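What follows draws every value from the coordinates through simple rules; no lab data is involved. Keep in mind it's a predicted model, so treat the numbers as computed, not measured. All Cβ positions, glycine included, derive from the backbone under ideal geometry; neighbour counts span all protein chains shown.
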Amino acid sequence: MEYIDLKAQFRRIEAKIRERMDKVLAHGQFIMGPEVRELEERLAALTGASHCVTCGSGSMALDLIVMAWGLGPGDAVFTTPLTFIATAESIARAGATPIFVDTGPDYNLDASHLERAVRAVRAADPSIYPLPLAARQNRLRPRAIVAVDLFGHPADYDTILELARKEELLVLEDAAQSLGGSYKGRSVGNCGCHATAVSFFPAKPLGCYGDGGAVLTNDAELGALIDSLRYHGRASAKDKNDNVRLGVNGRLDTLQAAVVLAKLEVFADELQARAVVASRYHTLLATVPGLTPAPLPRTGDATPWAQYTVLLPEGTDRARVMDALRSADIPTAINYPKALHTQGAFAYLGYAAGDFPVVQSLTPRVLSLPMHPYLDEATQTVVVSALHDALVERA
Ligand SMILES: *Cc1c(COP(=O)(O)O)cnc(C)c1O
């Protein structure tokens, strides 16, 4: 059994992929070829964002936004500790300080904590909200919020954006897992945030065959700046040897753009299939005692279901459950085994493991099940009955 069945997808779209890639091989413009621009136009149309700049990865998309905003030493950037390392890594690599905020039971940042976290930073007072060492020793300047749409579900943008307006903070939407979703009728990438980062890592809902990513924004100036930064700070597309600022090599390969263009042809259909798979899991899992199915998106919101992550009953030996599933040929994953404030890379921040009680209670219990558009009902039944047996044996 596959955790994410890219082979089934390839069987379906092989002809489209080969045709797109052959075209690139024939024209030979491997860097910034016409497919790159075509993809940017298609993604802008898909999301409603006025500007799209593709780049080398989702991590690079985050880095480029952080770079463009000039976040750095002395700046406080609020984010969730329950995410992939890249979210906070880009903040910290720029010299800014990640300020973690606990999540809710839906795995996303609990926006009702943000106001206290901002107040704690302004006062350098950890009695208001847990703070990293640097924010206890100095009054850092609150600059931005990086919200993550974890597992594909949009974060609570009304609350986040209202606080951001009040506190004059920039908002970055880490949509590495949520492209194709929507918040209150607005597509991810165009939910009102200042900029959105997406990823085409192969396992994401819209993936390429390597690394890839993009920035979406309605801010023309920011779009132009990021377009320059991803290409060594060039002045314009006309003269790559006139470099007006320090940038990076952050471009998306033409071949990868071609792959995403081919996959876009079936993306809407795959999103529908993902929703069917998720709702089948929801029904089937109701029969498993003590297990909490993946949270549903808010009414009116849409998610691409990048992961289907359940909560095991408290006290379950998760490793044993995973072993039992593995011996039945059922792959599972843990997203994420270690919250970021407990990662060695962030030890210097000086957080305590118990600073974020909700995240602390979730991480030992999360388990992600096979999730992709080509998962059929019979296979899902096998997954759920194996999970049922593994949990009931325990009792
Ligand atoms: C995958 C992911 C990233 C990084 O994307 P890459 O394309 O792998 O660099 C960033 N944030 C989140 C939440 C992710 O899931």
_Where GluC sites (Glu not before Pro) fall in DSSP loop in the stretch 123-190, at most 14 other Cβ within 10 Å_ = E168
*Estimated FRET transfer efficiency when R0 is 30 angstrom, pair S385-V358 (beta carbons, to 0.05)*: 0.50
*Quick one: give the max-minus-min coordinate of the C-alpha atoms of the stretch 38-179 along each principal axis, largest first, in Å.*
50, 31, 27
*Considering only lysines 8 or more places apart in sequence, or on different chains, count the pairs in the chain whose C-alpha atoms sit under 20 Å apart.*
7
*Among residues other than E377 whose Cβ falls under 15 Å from its Cβ, what is the net charge (Lys/Arg +1, Asp/Glu -1)?*
0
*asked:* Multiplying the sequence separation of E41 and E115 by 0.36 nm and subtracting their Cα-Cα distance, what value in nm do you get?
replied: 23.0 nm
*Relative contact order computed over the chain (Cα-Cα under 8 Å; 6+ residues apart), in percent*: 21 percent
*For the chain, set up a Gaussian network in which alpha carbons nearer than 10 Å are linked by springs, and say which option among R93, R42, R165 fluctuates the most.*
R165
*Could you tell me which of rounded, prolate or oblate describes the stretch 250-395, using a ≥ b ≥ c as the square roots of the eigenvalues of the alpha-carbon gyration tensor, with rounded for a/c under 1.5 and, failing that, prolate when a/b is larger than b/c and oblate otherwise?*
oblate
*Assuming 0.890 mPa s and 25 °C, estimate D for the stretch 53-105 with Stokes-Einstein, Rh taken as the Kirkwood radius over Cα pairs, in µm²/s.*
213 µm²/s
_Anisotropy class of the stretch 121-254 from Cα gyration tensor, a/c 1.5 cut_ = oblate
*What's the local net charge at A120, with K and R +1, D and E -1, over the other residues with C-beta under 12 Å away?*
+2
*How many percent of DSSP beta bridges within the chain run antiparallel, rounded to 5?*
60 percent
_Loop GluC sites (Glu not before Pro), the stretch 248-354 (other Cβ atoms within 10 Å of the site Cβ: 14 or fewer; DSSP)_ = E314
*Under unit Cβ charges (Lys, Arg +1; Asp, Glu -1), what dipole magnitude, rounded to 20 debye, does the chain have relative to its Cα centre?*
540 debye
*Efficiency by 1/(1 + (r/R0)^6): what FRET value for D329 and E265, r their Cβ-Cβ distance, R0 = 25 Å, to the nearest 0.05?*
0.20
*Which FRET efficiency, nearest 0.05, do R141 and H282 yield, Cβ-Cβ r, R0 41 Å?*
0.40
*In terms of the Cα gyration tensor, with a ≥ b ≥ c the square roots of its eigenvalues, is the stretch 245-296 rounded because a/c is under 1.5, prolate because a/b exceeds b/c, or oblate?*
oblate
*Which loop-located trypsin sites (Lys or Arg not before Pro) does the stretch 211-310 contain, where loop means any DSSP state but H, G, I, E or B and the Cβ has at most 13 other Cβ atoms within 10 Å?*
K238, R245
_Quarter of the Cα convex hull surface for the chain, i.e. its orientation-mean projected area (nm²)_ = 19.3 nm²
